[in-house]
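Structure, as structure tokens:
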Amino acid sequence: MGRRKTYERDDVTARAMRLFWEQGYHPTSTRDLTEAMGMNPAALYAEFGSKEGLYLEAIKRYEATVVPGHFASLEAPGASIEQIQGVLDFMGSIGGYERSHYGCLLCNAAIERAPTLEQSEASTMRFVRRLTLAFGQALANARAAGRLRDDAPVEELSRFFPAVLMGIFVMARARVDAAVMRAAADQALARLASVIA
């Protein structure tokens, strides 16, 4: 008989996700992971195959749990101007939060090219598409309700806002002055205000 598991996969994946998020893929050792997850190396490799496999599971968990926590209102079917403003305003304030230097795990993966260049590019593209679709839907809803000017460049804005957010995440990771992030978000809010009918 095989040895009975003494851990829950979701729980240990969540612990690994937090560690990768805080430290990055490359600086995080297998020893760091086993200590944080409460597992021995043999169990870690049996469950996830490799550090790379564990990181990819951590990315999936981040996409399934953390991203909706920040963007659920924007992704809601009825999202409109208020939800866009709420997301941009929140992002402008993250420099004041205790763990803002964690940034975004997906943006961090892109910067680190982790676990591989191909996989980091894939996760980054998924995130960009997700944000672009969410902003695009909210802008389209606002236009359908007559709340945007007829000449509002919906497609361009749906690409611009994700670029601003990802830039803010990178600045947060680099511990850039909070005022710089606030200014970036305020410029995005001003651009939105300029096309409101």
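The values are calculated or read from the model by the stated rules, or taken from the named source; none is laboratory data. Small disclaimer: the values here were computed from a predicted structure and weren't measured. Every residue, glycine among them, receives a Cβ derived from its backbone with ideal geometry; neighbour counts consider all protein chains shown.
Among the numbered criteria (1) at pLDDT 95 or above; (2) in contact with a helix residue (DSSP H, G or I) (Cβ under 6 Å, 6 or more places away or on another chain); (3) on the phi > 0 side of the Ramachandran plot, which single criterion is violated by residue 132?
(3)
Of all residues in segment 181-197, which are part of a helix (DSSP H, G or I) and surrounded by 15 or more Cβ atoms within 10 Å (Cβ to Cβ)?
Passing the criteria: 181, 182, 184, 185, 188, 189, 191, 192.
Has segment 26-47 got at least one residue that is farther than 30 Å from residue 142 by Cα, of a type in the set (Lys, Arg) and surrounded by 14 or more Cβ atoms within 10 Å (Cβ to Cβ)?
No: segment 26-47 contains no residue that is farther than 30 Å from residue 142 by Cα, of a type in the set (Lys, Arg) and surrounded by 14 or more Cβ atoms within 10 Å (Cβ to Cβ).
May I ask you to say which residue of 85, 119 is polar (S, T, N, Q) and closer than 23 Å to residue 33 by Cβ?
Answer to the selection: 119.
Being in contact (Cβ under 8 Å) with a residue 40 or more places away in the chain, surrounded by 17 or more Cβ atoms within 10 Å (Cβ to Cβ) and more than 14 Å from the chain's Cα centre (by Cα) is the filter here, so list the residues in segment 73-84 that pass it.
Within segment 73-84, 79, 80, 81, 83, 84 meet the criteria.
Somewhere in segment 164-184, is a residue in contact with a strand residue (DSSP E or B) (Cβ under 8 Å, 6 or more places away or on another chain) and over 22 Å from residue 59 (Cα atoms)?
no
Got a sec? Which of 58, 64, 16 is closer than 22 Å to residue 126 by Cα, hydrophobic (A, V, I, L, M, F, W, C) and in contact with an Asp or Glu (Cβ under 8 Å, 6 or more places away or on another chain)?
16
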